[in-house]
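Notes follow once the structure below has been shown.
The values are calculated or read from the model by the stated rules, or taken from the named source; none is laboratory data. These figures come from a predicted structure and were not determined experimentally. Here the Cβ positions follow ideal geometry from the backbone for every residue, glycine too, while neighbour counts run over all protein chains shown. In case anyone asks, the SASA skips ligands and DNA or RNA and just uses the protein heavy atoms, side chains included. Shrake-Rupley method; radii C 1.70, N 1.55, O 1.52, S 1.80 Å.
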Amino acid sequence: MFNPIELRKPSTLLEAVSDLATYGFDARIIAGNTALYELAAQGGLDDVHILIDSSRLGLDYIRSGTDGRLHVGATTTFSQLAKNKHCLQGRNAALGEAASRISPPQIRNMGTIGGSISIGLPFLDMPVTLLALDAEINVMSKDGRKTIKIDDFFVDYFTTALNPEDLITEIVFPEEDGSSEKKEEERGGNSQRSVGFSAFIKIGRTTVDFAVINCAVCLEIERHESKSKSPLVEKARVALGCVGNKPIRRRDIEALLENSELNRATIESAALLPVDFEPSPSIHASPSYKKKMITVSVREALYTLLDRMNSATPIS
Amino acid sequence: MRIRTVVNNETLDLEISLSNSLLELLRDILGLTGTKKGCDFGGCGMCTVLVEDKPVFSCITPAWRAEGKRITTIEGVGIRDNHHLHPIQAEMLKNFAFQCGYCTPSMVLVAKSLLQENPSPTEQEVKEALSGVICRCTGYSRYVKAVLAAAETMKKGLELDI
């Protein structure tokens, strides 16, 4: 039975990581608490004796950094994400969309971005979104700070690259205009910089249920002034949740999209690429149904992105 | 452990245990049984209360999280002494929004939070706000109608909030 004996209330990151170093796997960070108490109610967590409250660490922020990247503190709630303009537009649009699709509002007011990735559940909406957006996870422990790339973060069911003494401090999203190396290369008056767009699609049994399939896509396209030709995809990240023990990328679809013009023909052939793996079944969806929904969600995400690209103001 | 919290505008010093939920604090320690227990792990919405005016599930909120926070339960809505109802409660009665009433405290609170933030919600916004509270009697359409009607009443300045 879940029976914690001590509550730690660190007010600085140093105190928090020192508590984690002392208690290790005996302790759990409490952020939004939407997942932990559910696990406890179902008879889990009887090995947890120390609770560490993260609410005094000042990690609930969303800010555009001086590096041009978006920095989101680990205890930022889904409600905050769903309302913040930085998370609703351009390359990060999928972040706000995914947050607003997390239901119901009571959960959005409680759950946090850091908590929803640290628990390592493959059907939640944040993991798949962060995977598509190529986020980086900034982590602190008593030994110092490190950055974990999202591609290396999810390991297995309930398992991430985090060690028991690690604390997620923030999630960082790449800058809107493609990678910084690319900008460096082209700082010679060349206006052909890339620009990012993203979309999130959730297919569920009801609007307040967990996803049956969730899909996030981020495309970086060549920036040009004319709207007459189809956008040229430079970089694609297509991520799916609810299909296995961790969210995955569809690298076959990404390869088809990259260096292609995004139009109806490309979208249809990308969405119809055969699903060459067996998605894990769930109580509401068989693998064959999930395969069909993968096609549907990828298609919908790509058409959404095409619409967004066409309605975006071209910037030279 | 001891915490200080504000429940329905009253500052309280309380002795709680670390494993208590906010729901247990309200029902078992304070005797405020208007807040209901349903699934007890954040699925049904029966235990919804407002923390700093925002709806949360009290069954999965640790009681210690109430420290320094302002909690509103159904007992803090309307003026009980002289039978004045909050416009949301009045419209729910008028529109026959509920039968058994088990979900009603939560419905009132999510509606209160919505109208405080957004005095003129669309029907879709009302549905979204109510989506976290399950009703198994009347369905939801009469609740939606009642909240839209309450929004109109409140805009005309007939608010009886305390």
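Given the structure, is A:K142 under 30 Å from A:M309 (Cα atoms) and open to solvent by 30 Å² or more (accessible area, probe 1.4 Å)? Taking the combined requirement at face value, the residue does not satisfy it. Count of the range A:41-54 residues, restricted to those that are farther than 13 Å from B:S19 by Cα, buried (at least 18 other Cβ atoms within 10 Å of the Cβ) and either within 11 Å of another protein chain (Cβ to nearest Cβ) or among the polar types (S, T, N, Q) (or both), is 2. Could you go through the range A:76-87 and let me know if any residue there is at the interface with another protein chain (Cβ under 10 Å from one of its Cβ atoms) and farther than 22 Å from A:L121 by Cα. No, the range A:76-87 has no match at all. Candidates are the residues of the range B:25-78 that are among the small types (G, A, S) and more than 13 Å from chain A (Cβ to nearest Cβ); the one that is surrounded by the most Cβ atoms within 10 Å (Cβ to Cβ) is B:G76. Here the helices (runs of 4 or more DSSP H) wholly within the range A:198-316 that include at least 2 residues being surrounded by fewer than 24 Cβ atoms within 10 Å (Cβ to Cβ) and either in contact with a Pro (Cβ under 8 Å, 6 or more places away or on another chain) or modelled with pLDDT under 95 (or both) are A:287-311. Picking from residues in the range B:1-24 that are surrounded by fewer than 17 Cβ atoms within 10 Å (Cβ to Cβ) and among the hydroxyl-bearing types (S, T, Y), the one that is farthest from the other protein chains (Cβ to nearest Cβ) is B:T11.
Filter the range A:123-149 for residues that are assigned to a strand (DSSP E or B) and touching a Pro at 6+ places or on another chain (Cβ under 9 Å) and give the result. Don't jump to the end; show me each part of the working.
The first filter runs over the range A:123-149 and keeps only residues assigned to a strand (DSSP E or B), leaving A:136-141, A:144-149.
Result: A:E136, single match.
The residues on offer are A:I102, A:I29, A:I62, and the sole one that is more than 17 Å from the chain's Cα centre (by Cα), surrounded by 18 or more Cβ atoms within 10 Å (Cβ to Cβ) and either under 28 Å from A:E165 (Cα atoms) or within 14 Å of another protein chain (Cβ to nearest Cβ) (or both) is A:I29.
Do you know which of the residues in the range B:105-137 that are free of Cβ contacts under 8 Å to residues at least 12 places away in the same chain, under 13 Å from B:A151 (Cβ atoms) and of a type outside the set (D, E, K, R) is farthest from the other protein chains (Cβ to nearest Cβ)? By that ranking, first place goes to B:T122.
Evaluating A:A35 against the criteria (1) surrounded by 17 or more Cβ atoms within 10 Å (Cβ to Cβ); (2) closer than 19 Å to B:L18 by Cα; (3) without any contact (Cβ under 8 Å) to a residue 60 or more places away in the chain leaves one unmet condition, (3).
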